[in-house]
Structures are given as structure tokens and as C-alpha cells.
1. Taking just the C-alpha trace of the stretch 7-54, give me its Rg and Dmax in Å.
2. Given a 1.4 angstrom probe, what's the average accessible area per residue across the stretch 83-141, in square angstrom?
3. So for the stretch 101-168, averaging the separation of alpha carbon pairs under 8 Å that are six or more residues apart and normalising by length, what relative contact order in percent results?
4. Leaving out ligands, DNA and RNA, and with a 1.4 Å probe, what % of the accessible surface on the stretch 61-177 is carbon or sulfur?
5. Please compute the net charge surrounding Arg138, taking Lys and Arg as +1 and Asp and Glu as -1 over other residues with Cβ under 12 Å from its Cβ.
6. Using θ = phi - 60° and the Karplus relation 6.51 cos²θ - 1.76 cosθ + 1.60, list the HN-Hα couplings for the stretch 136-150 in order, rounded to whole Hz, with x at every Gly or Pro.
7. For Lys181, what charge total do you get from the other residues with a beta carbon under 12 Å from its beta carbon, if Lys and Arg give +1 and Asp and Glu give -1?
8. Please list, in chain and number order, the residues 5+ apart from Val140 or on another chain whose amide H is under 5 Å from its amide H, with Hs placed from the backbone.
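The values are calculated or read from the model by the stated rules, or taken from the named source; none is laboratory data. For clarity, every value in this text was computed on a predicted model and none was experimentally measured. All Cβ positions, even for glycine, are placed from backbone atoms using ideal geometry, and neighbour counts span all protein chains on display. SASA here: full protein model, heavy atoms, side chains in, ligands and nucleic acids out. Shrake-Rupley method; radii C 1.70, N 1.55, O 1.52, S 1.80 Å.
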Amino acid sequence: MKRNKKERQQLLKATIEDNPFITDEELAERFTVSVQTIRLDRLELSIPELRERIKHVASRQMETEVRSLPLEEVIGEVIDLELDESAISIFDVKEEHVFKRNQIARGHHLFAQANSLAVALINDELALTADASIHFHRQVRVGERVVAKAKVKGTEGENGRTIVEVNSFVGHELVFSGRFKMYRSKNVKKDEIQHENRN
């Protein structure tokens, strides 16, 4: 069933509010209209283009300072970060990230995005990956945008390793997932992490 313009624009606005990183191309596919129609809808609704939306989210969220590594060493662009809680980064797959013969992204780039985000999330001067369990769910191709979402799940073992889960998406499709056990110079238990964040 084809929606009228008013219905489409209401759904468009709600969709972008839910996922500010969605592209015009993805929106066009979802609403079965042309990319030009989506751009006109955005103009009428005063919704900025993707690049501006990303900048806006990043400037609003990135007041937290990464302690464990310089921000420029994180693979992808960190746009949201709450230390010892959660973080989000985006990574645009370009020609230099893919195999020439099939335009599929090399797996180590997706791993590096997730792993460096897990490190950045740790509220410590020294954070290292002690162990990782990863899964590639589907191939990622040139031109796609990968949104990685990291979350601290607690601590594990005698050493009090911090467990970080990272799920990476292209649109709403899961493309990579990882569970990282993080070494930190100070052992922090989950209830201490939560207490720190309340202060």
C-alpha cells in the first residue's frame, strides 16, 4: 500500500529520530520512493542531511574524554560515549578497506572498529583486550556504513575482567558481533562501575 505524502513524512521523521545515521538511499528503499523524494521531504521537514545529523549527535554527546587511548586511534568516528557504560562509532567502508576483486570489506577493519571501541569505553589509563569471541554475520561491501554499539555487561573471573559486548549494524542488519574481555590496570567490579557512573 502506497502512503500519501503526509503519512510518509511522519514516518520519515520518526525513522530518522530512531536512527539518525540512516542514509537517504536506505530511506528511499524503505519507503519505495526515489532518493530525490526523500531529499525533498527532508527539506520540507527541516531535517538536515546525514553528515550534519552525525555532527550534531557527536557534538552533543562527546563531552566525555577517552582515557584509555587517543580518540584518533579509535577505528571509525566515536559519536557517543559514556565511560564504563556504552559507546557508538560509525565506520564508512571505502575502496581502501575492501578486496579489489569483490569489493567486500576485509574482516580486520570490522574487528578493529569493534575492538578499539571496546578499549575506548574503559574508564582507565590502561585498557587491553585479554580475550575476544567474534562472529561475522554477513559480508560488508564498499559504500556501506557500519554502526558499532558497545555495552559493558559486567565483570568476570578472579581477575575482574570487564566484559564488553559490541554489535555492528548496516542499517538494521547485524553484520558483526563480539564479546571482549578487557584487562584494566585497576580491577573494578560491576557494582563499583555502576556506583562510579552515578557520581
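1. When restricted to the Cα atoms of the stretch 7-54, Rg and Dmax are 9.3, 25 Å.
2. I get 48 Å² per residue for this part.
3. Averaging sequence separation for qualifying contacts and normalising by length gives 34 percent for the stretch 101-168.
4. 46 percent
5. -1
6. Rounded to whole hertz, the list is 9, 8, 7, 5, 10, 10, 4, x, 8, 10, 9, 9, 9, 10, 10.
7. +1
8. Ala105
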